[in-house]
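Chemist: First the structure, then my questions, so here it is.
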Amino acid sequence: MIILSGGTGTPKLLNGLSKIIPQENITVVVNTAEDIWVSGNLVTPDIDTVLYLLSGRLDTEKWWGVAGDTFRTYEAMRSSGFDEGMMIGDLDRATHIMRSDILRSGGTLTSAIRKLCGTFGIKADVLPMSDDTVSTIITTPQGKMHYQDFWVKNYGEPDVLDVSIDCISDAAIAPAVLEALDTNDEVLIGPSNPITSIGPILALPGMREILKCKKVIAVSPIIGKEPVSGPAGKLMHARGYDVSSAGVLDCYQDIVDVFVIDERDTADLADFEEMKCEIVRADTLMKSVDVSVGLAKQMVRIFEGIQVGF
């Protein structure tokens, strides 16, 4: 199974999947458009959340960073007047240094992440969506800014006028991702932000055409009119989508066979009548590991029933 992932909602589902499917049968294709260089090292927030989850090191209170991490380096720099703009833990920083050293030595991002998977004892294949550099840019009344400046430095507070992805038209799907897609028919789009987490993956040239030939399930990160977490609502509105599960499906409708909405969602199924896919209700909130496992089991059952012309 291939999972398309951002950094919060999808890892919660991945947590359940990894408990019912052997890791070696899981490939995670992760958004890289939020990556940013900080203090000389490449930070890959979404990838690192997946790495820490699958290695049992993730701080699941925050759903980012390493559990029990310290921040002595960050605090020492800040006390000296050097504000990195991101609160980076010491163990987390070690990951960034190792990855960046591989890149500076001529390795690709894919090779760096695979090396880290081996170091952390991860058996799943965790892949960056592309080895090329792309960046999500948020246009605000104050000007354009990198997604991390918008979300971390400015706490997601600025109004959003537009969202774009720099260099996406010149970026290529990572060769390892193409290889995985060539040998896997099941693709799960997790409940991550459809604009800035999943959107960049789908925007890679050729990706949507490939997915049209796959069995694709997508899980909505919106319940009612509110995202479960993060700035998805503000970003969807800026891109002209309704902030609802129907709006999420509008982002994916050309590639999805089954769309999963939360059992608490007040959406009328009539809202989806024009969409050419099956709508399924489930508990998608995943407030516990048991719920994540239950949702994961339901995804596996759905895949077994999908017929898309194979």
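The values are calculated or read from the model by the stated rules, or taken from the named source; none is laboratory data. Being a predicted model, the structure only gives us computed values, none of them experimental. Glycine gets a Cβ as well: all are built from the backbone with ideal geometry, and neighbour counts include every protein chain shown. Side chains included, ligands, DNA and RNA excluded: accessible areas come from the protein's heavy atoms. Shrake-Rupley method; radii C 1.70, N 1.55, O 1.52, S 1.80 Å.
Chemist: Within the bounds of region 32-43, is there any residue that is over 23 Å from ASP83 (Cα atoms), in contact (Cβ under 8 Å) with a residue 40 or more places away in the chain, touching a strand residue (DSSP E or B) at 6+ places or on another chain (Cβ under 9 Å) and assigned to a loop (DSSP other than H, G, I, E, B)?
Modeler: We begin by selecting, within region 32-43, every residue over 23 Å from ASP83 (Cα atoms); these are 32.
Those still in the list that are in contact (Cβ under 8 Å) with a residue 40 or more places away in the chain too: 32.
Filter once more, keeping what is touching a strand residue (DSSP E or B) at 6+ places or on another chain (Cβ under 9 Å): 32.
If we keep only those that are assigned to a loop (DSSP other than H, G, I, E, B) too, we end up with 32.
So far as region 32-43 goes, yes, one or more of its residues are over 23 Å from ASP83 (Cα atoms), in contact (Cβ under 8 Å) with a residue 40 or more places away in the chain, touching a strand residue (DSSP E or B) at 6+ places or on another chain (Cβ under 9 Å) and assigned to a loop (DSSP other than H, G, I, E, B).
Chemist: Hey, GLY106 hits all of (1) open to solvent by less than 20 Å² (accessible area, probe 1.4 Å); (2) farther than 29 Å from SER18 by Cβ but one; which does it fall short on?
Modeler: (1)
Chemist: Would you be able to say whether some residue in region 169-176 is among the aliphatic types (A, V, I, L, M), at pLDDT 95 or above and closer than 27 Å to ALA246 by Cα?
Modeler: Start the filter on region 169-176 by keeping residues that are among the aliphatic types (A, V, I, L, M), which leaves 171-174, 176.
Remaining after also requiring at pLDDT 95 or above: 171-174, 176.
Restricting the remaining residues to those that are closer than 27 Å to ALA246 by Cα gives none.
Checking region 169-176: not a single residue is among the aliphatic types (A, V, I, L, M), at pLDDT 95 or above and closer than 27 Å to ALA246 by Cα.
Chemist: Given (1) outside any helix (DSSP H, G or I); (2) more than 23 Å from THR10 (Cα to Cα); (3) open to solvent by 60 Å² or more (accessible area, probe 1.4 Å), identify the lone condition not met by ASP101.
Modeler: Checking ASP101 against (1) outside any helix (DSSP H, G or I); (2) more than 23 Å from THR10 (Cα to Cα); (3) open to solvent by 60 Å² or more (accessible area, probe 1.4 Å), the one that fails is (1).
Chemist: Can I ask one more? Read through the list (1) crowded, with 19+ Cβ neighbours inside 10 Å; (2) over 28 Å from ASN184 (Cβ atoms), then give the number of the only condition that VAL256 fails.
Modeler: Here VAL256 clears every test but (2).
Chemist: For region 55-84, enumerate the residues that are hydroxyl-bearing (Ser, Thr, Tyr) and farther than 20 Å from GLY7 by Cα.
Modeler: Taking region 55-84 first, the residues hydroxyl-bearing (Ser, Thr, Tyr) are 55, 60, 70, 73-74, 79-80.
Of everything in region 55-84, those that are hydroxyl-bearing (Ser, Thr, Tyr) and farther than 20 Å from GLY7 by Cα turn out to be THR70, THR73, TYR74, SER79, SER80.
Chemist: Under 8 Å by Cβ, and 6 or more places apart or on different chains, what pairs join a residue from region 237-261 that is touching a residue at least 40 places away in the same chain (Cβ under 8 Å) with one that is part of a strand (DSSP E or B) and among the acidic types (Asp, Glu)?
Modeler: ALA238/ASP162; ARG239/ASP162; ASP257/GLU278; VAL258/GLU278; PHE259/GLU278
Chemist: Restricting to region 44-56, what's the tally of residues that are out of contact with any Asp or Glu (no Cβ under 9 Å at 6 or more places or on another chain) and either at negative phi or part of a helix (DSSP H, G or I) (or both)? Outline the logic, then answer.
Modeler: If we filter region 44-56 for residues that are out of contact with any Asp or Glu (no Cβ under 9 Å at 6 or more places or on another chain), which is where we start, we get 49-51, 53-56.
Now drop any that are not either at negative phi or part of a helix (DSSP H, G or I) (or both), which leaves 49-51, 53-55.
Result for region 44-56: 6.
Chemist: Still on this structure, please answer the following. Starting from residues that are over 14 Å from MET286 (Cα atoms) and not hydroxyl-bearing (Ser, Thr, Tyr), keep the ones in region 1-18 and report whichever is surrounded by the most Cβ atoms within 10 Å (Cβ to Cβ). Let's see the steps before the verdict.
Modeler: Here is the first cut: in region 1-18, the residues over 14 Å from MET286 (Cα atoms) are 1-7, 18.
Still in the running and not hydroxyl-bearing (Ser, Thr, Tyr): 1-4, 6-7.
Working: MET1: 19, ILE2: 23, ILE3: 25, LEU4: 25, GLY6: 30, GLY7: 23.
Per the stated criteria, the residue is GLY6.
Chemist: Something else: Do we have ALA180 as open to solvent by less than 40 Å² (accessible area, probe 1.4 Å) and either at pLDDT below 95 or of a type in the set (Ser, Thr, Tyr) (or both) here? Break it down stepwise before answering.
Modeler: Details: open to solvent by less than 40 Å² (accessible area, probe 1.4 Å): yes; either at pLDDT below 95 or of a type in the set (Ser, Thr, Tyr) (or both): no.
Taking the combined requirement at face value, the residue does not satisfy it.
Chemist: Please specify each residue of region 194-205 satisfying the condition of being open to solvent by 30 Å² or more (accessible area, probe 1.4 Å) and not in a helix (DSSP H, G or I). Working first, answer last.
Modeler: Our first condition is that a residue be open to solvent by 30 Å² or more (accessible area, probe 1.4 Å); within region 194-205, this holds for 203, 205.
Scanning region 194-205 gives a single hit, PRO205.
Chemist: Something else: From (1) touching a Lys or Arg at 6+ places or on another chain (Cβ under 9 Å); (2) in a strand (DSSP E or B); (3) basic (Lys, Arg), pick out the condition that doesn't hold for LYS115.
Modeler: (2)
Chemist: How many residues are under 20 Å from ILE36 (Cα atoms) and not in a helix (DSSP H, G or I) if we restrict to region 63-90?
Modeler: Total meeting the criteria: 13.
Chemist: Exactly one of (1) open to solvent by 60 Å² or more (accessible area, probe 1.4 Å); (2) within 23 Å of ILE201 (Cα to Cα); (3) within 19 Å of the chain's Cα centre (by Cα) is unmet by THR284. Its number?
Modeler: (1)
Chemist: Within region 42-60, can you find the residues that are among the charged types (D, E, K, R) and open to solvent by 20 Å² or more (accessible area, probe 1.4 Å)? Even if it seems obvious, please write down each step before you answer.
Modeler: Start the filter on region 42-60 by keeping residues that are among the charged types (D, E, K, R), which leaves 46, 48, 57, 59.
Those that are among the charged types (D, E, K, R) and open to solvent by 20 Å² or more (accessible area, probe 1.4 Å): ARG57, ASP59.
Chemist: Under 17 Å from LEU4 (Cβ atoms), at pLDDT 90 or above and surrounded by fewer than 17 Cβ atoms within 10 Å (Cβ to Cβ) - does that describe any residue in region 218-229?
Modeler: The answer is no; no qualifying residue exists.
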